[in-house]
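Taken together, the values in this text are just the output of simple stated rules run on the coordinates, not laboratory data. Everything quoted here is computed from the prediction, not taken from an experiment. Here the Cβ is made from the backbone with ideal geometry for all residues, glycine too, and neighbour counts use every protein chain on show.
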Amino acid sequence: MKTISCKILTPSGVVLDQEVDVVRLATMNGLLEIYPQHADLVGNIDFSHVWAERGQHIDHYLVRHGMLSVDSVANQARIMVFDCRKKDSVDLQTLREYFDMLSALLKAGTHSKMQAHFLKGEITSMEKLMSVTTPEGKP
């Protein structure tokens with residue numbers, strides 16, 4: 001079976017670099033399944049699960065703030081994001097502490113409009129991340 005090269009990159013480095021059968025994720029335009037020789041594509045990512053499948057093995061990641069680039073000539077899917085974590089390594093307590101800090105900063109109101117916009121985006125991302133991390137599905 002043919003494969004496609006899947007790379008997940010963050011400012012800290014390469015998180016994943018392997019050949020896979022299919023990559024599944026969501027861009028701001030909807031859910032995607034990327035197979036070998038997929039057409040060229042670019043998409044924005046706010047928050048998404050990423051499933052990289054090879055045979056029976058599935059790597060599951062949570063990513064946020066970035067973009068997807070699919071190159072049909074190179075047969076490559078590149079996911080460039082600000083943050084990426086293996087789903088099973090997400091620490092709910094740390095997420096809640098960060099969420100509480102962001103909420104307090106936003107409530108304090110001692111920042112510019114641009115900073116407020118960033119804080120609101122981070123809070124939304126943390127709510128999504130916590131909702132897929134908690135057993136009951138709620139932050």
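The angle between the Cα long axis of helix 113-131 and the main principal axis of the chain comes to about 60°, on a 0 to 90 degree scale. Our helix-only sum for the chain, with -39,500 (n - 2.57) per DSSP H run of n ≥ 4 divided by its residues, gives a mean residue ellipticity at 222 nm of -9000 deg cm²/dmol.
Each residue of the range 15-26 was assigned a 3J(HN,Hα) from its phi angle through the Karplus curve 6.51 cos²θ - 1.76 cosθ + 1.60 (θ = phi - 60°); the sequence is 8, 9, 8, 8, 7, 9, 7, 7, 10, 10, 6, 10 Hz, with glycine and proline shown as x.
Annotated for the chain: lysine pairs at least 8 residues apart or interchain, Cα distance under 27 Å, count 18.
Each Lys or Arg adds one and each Asp or Glu takes one away; over the other residues whose Cβ falls under 11 Å from the Cβ of Asp83, this sums to +1.
Residue-normalised convex hull volume from the C-alpha trace of the range 44-125: 93 Å³ per residue.
Calculated translational diffusion coefficient of the range 90-131 (37 °C, 0.692 mPa s; Stokes-Einstein with Kirkwood radius over alpha-carbon pairs) equals 314 µm²/s.
I'd like the orientation of helix 92-108 relative to the chain: the angle between its Cα long axis and the longest Cα principal axis, in ° from 0 to 90, rounded to 10. Roughly 50 degrees between the two axes. The Cβ shell under 10 Å around Lys128 holds other residues with a net charge of -1, Lys and Arg each +1, Asp and Glu each -1.
Quick one: pull the percentage of alpha-carbon pairs in the range 16-62 with a separation above 12 Å. In whole percent, the share of Cα-Cα pairs in the range 16-62 beyond 12 Å is 63.
At an R0 of 30 angstrom, the distance between the Cβ atoms of Ala108 and Leu9 translates into a FRET efficiency of 0.35. Convex hull of alpha carbon positions in the chain: directionally averaged projected area 9.4 nm².
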